[in-house]
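Structure, as C-alpha cells:
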Protein chains: 2
Amino acid sequence: MTHTPVSGGVCAPQGFLAAGIHCGIRKNKSKRDLALIVSERPAATAAVYTRNKVQGAPIAVTRRHLADGFSRAVLCNSGNANTCNADGEYIAQTCCALTAQALGVQPEDIVIASTGVIGQPLPLEPFENGIPAAVAALSRDGGADAAEAVMTTDTRPKSHALSFDVNGVHCRIGIITKGSGMINPNMATMLTFITTDIAISPELLQRALSETVNNTLNQINIDGDTSTNDMAVIQANGMAGNPEIRDENSPAYAAFCAALHAACVWASREIAADGEGATKLLECTVRSARSSEVARAVAKSIISSDLLKAAMFGEDANWGRVLCAIGYTEGDFAADKVSLVLASEHGSVKVCEQSAYHPFSEDEAAKILSAKEIAINVEMHDGEACAQAWGCDLSYDYVKINGDYRS
Amino acid sequence: MTHTPVSGGVCAPQGFLAAGIHCGIRKNKSKRDLALIVSERPAATAAVYTRNKVQGAPIAVTRRHLADGFSRAVLCNSGNANTCNADGEYIAQTCCALTAQALGVQPEDIVIASTGVIGQPLPLEPFENGIPAAVAALSRDGGADAAEAVMTTDTRPKSHALSFDVNGVHCRIGIITKGSGMINPNMATMLTFITTDIAISPELLQRALSETVNNTLNQINIDGDTSTNDMAVIQANGMAGNPEIRDENSPAYAAFCAALHAACVWASREIAADGEGATKLLECTVRSARSSEVARAVAKSIISSDLLKAAMFGEDANWGRVLCAIGYTEGDFAADKVSLVLASEHGSVKVCEQSAYHPFSEDEAAKILSAKEIAINVEMHDGEACAQAWGCDLSYDYVKINGDYRS
C-alpha cells in the first residue's frame, strides 16, 4: 500500500473548504485564532475525546452533536479553552448556532473545539463577527490558514495530506494537528482534525479512528499532563466515489486504516518534535513484547520519563534511566532480558543486553545523540508484539514556556 | 501526643552507633560515600521496597536477610546503585559478609542499600578497606556523618530525631533520608533509614512502617520516576525498656505510629524541598474526598504535574492546571465541586469554587506564591477523607542537573 504526500492539508480531499482568521480572542492581531473546516456534503464523522474527568465545554457539546454520526463543519478557536467556565456550554452552543446560521445548516451539524488557557471567561463578541468572516473566507486553499489558527504554543503549523487507492478509486486524507504542552493524550491528542473523501460507514469510521489513535496519538507524551480539551475528529464525505466501506474484513477497510495510521504517525511525530521547549524528537520502538498492551505501555513509559528526557537534552546515553522506566511500567511482563539500541542518522549503538551494561563507546553514543531525531529501540525478548511512542527531550525552554505562559 | 525534636539523628535512640566515611566509590575525596548504622542488640526490622520491576541487587539481598524480621546493621554506599550489573548480587553479598565479619555478627544480620548511577560496575576494592574503617569510626555522634554519606544530588544531609512517651517510658525515633531525583516512591522513598529504641514485635513494626509510608514517603513526587533502589528500613532494638508492643489496638501502638508518622512527614517535606533544582516546597492537602485512596491519588496527581510545577516556579496562580491534574487522576469520584485555596506565609487566596473560576487578585496571588513553601489546599466536597502529598517546583536547574548528571 503506497501513500503519496499531496498538498492542500485538510482541503486535499474532495469537497472540503477551510479558513483561518483572526477574530479577536487573542490580543495579538497577527495571530489567527479561529479555524473553520467545512464539507460540501454531510460527512460521516467519528471522534475520540480526552479521558480527563474535567472536560472542556466544547467536548460536551460536540459529543451531543455527533450522536448521529454525521457533521458538516468543524469550528475551533485558540487562545481560550472554554473550560471550567460557568457559562461554557452556553458559549459553545451559541458558537455552533452562529456557524450553522452562516452556513445554512443545523447547529447539530457543527463540531466545536477550543484550546488555550483554562478557567478564563470566553466572550461571545469575537465570534459574532468572526464566524461570518470565517465563512466568507472559506476556500480550497484555506488548509494552511486553518492549521495556523489552531496553534497555541506550537512553533509551527502542522498540516499534511496523502493519497491512496481503494478499489481502484483515488482517495485522500488531510490532517491538521496541534500540540506542544499539556500532552499525554488519553483518547486523542490535543486537537487533530482529519478529513477524507472516502465513503465509509460511521461505525467503521469510529472503529478505525479509535484503533489508530490508540497506536499513534495516544502514544505521545510531552509532559504527562492529559489535557481537558483533547479531541481527534475525522470527517469522511464520500466524494471520492468508492463503494461505501461496510466490512471490517475487506481490503478496502485495511487500505483506509493503513492510510489513516500513516497520517496519524505523521501527526504524532510532528507534535512530539514540536513539544514545548523540545530540541529533539524521540521515537521509541518496543519489539518482542508479551502483548500489544505491554509494548504500548513500555514505549510510552520510556518516552515519558523526565529523567530520560533530560538526559537526551544533555546528549548523555544514560541507558539506566530507560531500564528504570521499563521497570516501573504497570503490567505483567519480564524485564530481565531487555536489549537496548540507541540510533540516529549518525549511527547506532547497543548499550544494554540481558538488562545489563553492554560495553559501548561514550564518544560514539554522544555523536549519535547529537542528532535532532533519536530512535530508542527496545527488544524485550518476551513475546512477539510491538508498538511505538513519541516524545521529546526536556529542556530549559520547557520550564521557561510553562513558568511564564500567560505573559 | 507530643513529639519533641532531639539531636543525634539515627543515634538518638539508645543503643545505636553510626559512621559515614569516604571509601573511594566517589572520586571526590571530600565526599563521604559509605554509611553504617549499627544496633548494639538485635533489632526487630521492617522494610518497604520499590515496586519497580527492575530492582537493584542490594534489594534482593536485603529481602533475604530480613526474612527473619531482625537485623543488626545497615550498610549503604552512594555513588553507584549496583543495579543492572551482572555481578551485582555477588558484590552486595560480599559487602554484607565483610561487614558481618568486622562486627562479629552474621551476614544475614546486615541490611544493604546502594544509591547512584545505574549500570556501572561496582568494584569491591573500596569496600575492602572502607568497611573496617567505617566500623572503626562507629560512634554515638556518627549520625550526621552517616546522613552525609548517603547523599547523591541532595544539596544537604537530612537527619532528624524526636522523642515521645509510650506507657510512661521515654522512647526515641531517629531518621536519615536522601532523595533529590528519580523520585516517585512506590513502596518507599529513595532511601530512608529509621532507628528506634522502642520494643515492638516485627509484625507490628512492618505494619506500622507500611501504613506510614503509604501516607507519607509514597506521597512525594519530584519527577515521576520510581527508582530501582527505593528502600525504607526501620530498626527497633527495644532498649527503651517499654513492654513489647504486640497489640495493634493498644494506645502504645497508636503513640508509636503517630511518632513514626511525624518522622516520615518530616522526611517527606525535606526530600520534596530538596528535589533536584527545587526552589519551592509544595504541600498539597486534599480534604472531603470520597475515600483515602482518592484523596491520596488526587494529592499526588496535583504535585506530580509538570505544568503545575513549572507554574509554581513562575509564581503564576494557574489554577486550571490543578483542576486538570485532579481530572486525570484515576478513580471514581466527582470533580465538579472542587474548591481550591493557595496559601503561604504571605496569606491565602481562594482561586476556584465549584470547579470554576473564583475572582481573586493576581497581585495577591503572586505575593503568596513568592514564598519558599506553598500550600495547595483542595476541598473535593465529595466525602470525608483527607490526605497529603509533597513535591517541588520544576526549574531550569532540574534540567541542568539531569542533562549533565555524570560530569
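What's the total number of residues in segment A:279-328 that are part of a loop (DSSP other than H, G, I, E, B) and within 12 Å of another protein chain (Cβ to nearest Cβ)?
Of all residues in segment A:279-328, those part of a loop (DSSP other than H, G, I, E, B) come to A:279-280, A:290-291, A:305, A:314-319, A:328.
Next, from what is left, pick out any that are within 12 Å of another protein chain (Cβ to nearest Cβ): A:279-280, A:305, A:314-319, A:328.
Qualifying residue count, segment A:279-328: 10.
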Of the conditions (1) surrounded by 16 or more Cβ atoms within 10 Å (Cβ to Cβ); (2) under 25 Å from B:SER201 (Cα atoms), the single one that B:ASN80 does not satisfy is (2)
For segment B:274-285, what are the residues that are modelled with pLDDT of 90 or more and touching an Asp or Glu at 6+ places or on another chain (Cβ under 8 Å)? B:THR279, B:LYS280, B:LEU281, B:LEU282, B:GLU283
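A quick yes/no check of all residues on (1) part of a helix (DSSP H, G or I); (2) closer than 30 Å to A:VAL351 by Cα; (3) out of contact with any Lys or Arg (no Cβ under 6 Å at 6 or more places or on another chain):
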site: B:VAL105; (1), (2), (3): no, no, no
site: B:GLU108; (1), (2), (3): yes, no, yes
site: B:ILE131; (1), (2), (3): yes, no, yes
site: B:VAL135; (1), (2), (3): yes, no, yes
site: B:GLU148; (1), (2), (3): yes, no, no
List the residue pairs whose Cβ atoms are under 7 Å apart, where the first residue sits in segment A:77-94 and is more than 12 Å from chain B (Cβ to nearest Cβ) and outside any helix (DSSP H, G or I), the second is β-branched (Val, Ile, Thr) and crowded, with 24+ Cβ neighbours inside 10 Å, and the two are 6 or more positions apart or on different chains. A:SER78/A:THR115; A:SER78/A:VAL150
Filtering segment A:196-240 down to residues that are open to solvent by 10 Å² or more (accessible area, probe 1.4 Å), more than 14 Å from chain B (Cβ to nearest Cβ) and not in a helix (DSSP H, G or I) yields A:ALA199, A:SER201, A:ASN237, A:GLY238, A:MET239, A:ALA240
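Going by what's in this entry, would B:GLU148 be described as open to solvent by 30 Å² or more (accessible area, probe 1.4 Å), under 24 Å from B:ILE194 (Cα atoms) and away from every other protein chain (no Cβ under 14 Å)? Working first, answer last.
Numbers: open to solvent by 30 Å² or more (accessible area, probe 1.4 Å): yes; under 24 Å from B:ILE194 (Cα atoms): yes; away from every other protein chain (no Cβ under 14 Å): yes.
Answer is yes for this residue.
So which residues in segment B:317-327 are in contact (Cβ under 8 Å) with a residue 24 or more places away in the chain and in contact with a helix residue (DSSP H, G or I) (Cβ under 7 Å, 6 or more places away or on another chain), if there are any at all? Full working, then the answer.
The first filter runs over segment B:317-327 and keeps only residues in contact (Cβ under 8 Å) with a residue 24 or more places away in the chain, leaving B:317, B:319, B:322-323, B:325-326.
B:ALA317, B:VAL322, B:ALA325, B:ILE326, listed by residue number.
Anything in segment A:4-16 that is assigned to a strand (DSSP E or B) and either open to solvent by 40 Å² or more (accessible area, probe 1.4 Å) or of a type in the set (D, E, K, R) (or both)? List them, or say none.
Of the residues in segment A:4-16, the ones assigned to a strand (DSSP E or B) are A:4-5, A:16.
Matches in segment A:4-16: A:THR4, A:PRO5.
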For A:ALA73, which of the numbered conditions (1) free of Cβ contacts under 8 Å to residues at least 24 places away in the same chain; (2) assigned to a strand (DSSP E or B) fails to hold? (1)
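Residue by residue through segment B:103-117, note down the ones that are in contact with a strand residue (DSSP E or B) (Cβ under 9 Å, 6 or more places away or on another chain) and either over 16 Å from B:ASP230 (Cβ atoms) or open to solvent by 10 Å² or more (accessible area, probe 1.4 Å) (or both). Spell out how you get there, then give the answer.
Taking segment B:103-117 as the starting set, the residues that turn out to be in contact with a strand residue (DSSP E or B) (Cβ under 9 Å, 6 or more places away or on another chain) are B:103, B:105-106, B:108-117.
B:LEU103, B:VAL105, B:GLN106, B:GLU108, B:ASP109, B:ILE110, B:GLY116, B:VAL117 - these are the residues of segment B:103-117 that are in contact with a strand residue (DSSP E or B) (Cβ under 9 Å, 6 or more places away or on another chain) and either over 16 Å from B:ASP230 (Cβ atoms) or open to solvent by 10 Å² or more (accessible area, probe 1.4 Å) (or both).
Only one of A:ALA371, A:ALA389, A:ALA385 is in contact with a His (Cβ under 7 Å, 6 or more places away or on another chain), away from chain B (no Cβ under 14 Å) and of a type in the set (Gly, Ala, Ser). Can you tell me which? Break it down stepwise before answering.
Working: A:ALA389 fails: in contact with a His (Cβ under 7 Å, 6 or more places away or on another chain); A:ALA385 fails: in contact with a His (Cβ under 7 Å, 6 or more places away or on another chain).
Among A:ALA371, A:ALA389, A:ALA385, only A:ALA371 is in contact with a His (Cβ under 7 Å, 6 or more places away or on another chain), away from chain B (no Cβ under 14 Å) and of a type in the set (Gly, Ala, Ser).
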Among the residues of segment A:28-38, are any hydrophobic (A, V, I, L, M, F, W, C) and not in a strand (DSSP E or B)? no
Since A:TRP266 meets every condition but one in (1) surrounded by fewer than 24 Cβ atoms within 10 Å (Cβ to Cβ); (2) at pLDDT 90 or above; (3) part of a loop (DSSP other than H, G, I, E, B), which condition does it not meet? (3)
So which residues in segment B:42-64 are away from chain A (no Cβ under 11 Å), open to solvent by 20 Å² or more (accessible area, probe 1.4 Å) and without any contact (Cβ under 8 Å) to a residue 60 or more places away in the chain? B:ALA60, B:ARG63, B:ARG64
Could you say whether any residue in segment B:99-116 is without any contact (Cβ under 8 Å) to a residue 40 or more places away in the chain, within 14 Å of another protein chain (Cβ to nearest Cβ) and among the hydroxyl-bearing types (Ser, Thr, Tyr)? no
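Here's a check for you: in segment B:116-128, which residue that is part of a helix (DSSP H, G or I) and out of contact with any Cys (no Cβ under 7 Å at 6 or more places or on another chain) is farthest from B:ILE175 (Cα to Cα)?
Taking segment B:116-128 and keeping what is part of a helix (DSSP H, G or I), we get B:125-128.
Now drop any that are not out of contact with any Cys (no Cβ under 7 Å at 6 or more places or on another chain), which leaves B:125, B:128.
On the way: B:GLU125: 29, B:GLU128: 27 Å.
Ranking the qualifying residues of segment B:116-128, first place goes to B:GLU125.
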B:LYS400 being within 11 Å of chain A (Cβ to nearest Cβ) and either among the hydrophobic types (A, V, I, L, M, F, W, C) or open to solvent by 50 Å² or more (accessible area, probe 1.4 Å) (or both): yes
Every residue from segment A:296-343 that is surrounded by fewer than 24 Cβ atoms within 10 Å (Cβ to Cβ) and among the acidic types (Asp, Glu): A:GLU315, A:ASP316, A:GLU330, A:ASP332, A:ASP336
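Could you run through segment A:338-368 and say how many residues are among the acidic types (Asp, Glu) and within 12 Å of chain B (Cβ to nearest Cβ)? Don't jump to the end; show me each part of the working.
So in segment A:338-368, the residues among the acidic types (Asp, Glu) come out as A:345, A:353, A:362-364.
Subset that is within 12 Å of chain B (Cβ to nearest Cβ): A:353, A:362.
Residues that pass the stated criteria total 2.
The values are calculated or read from the model by the stated rules, or taken from the named source; none is laboratory data. Since we're looking at a predicted model, the values are computed, not measured. A quick note on method: Cβ atoms are made from the backbone with ideal geometry, for glycine too, and the neighbour counts reach across all protein chains shown. For the accessible areas, the whole protein counts, side chains as well, though only heavy atoms, and no ligand, DNA or RNA atoms are used. Shrake-Rupley method; radii C 1.70, N 1.55, O 1.52, S 1.80 Å.
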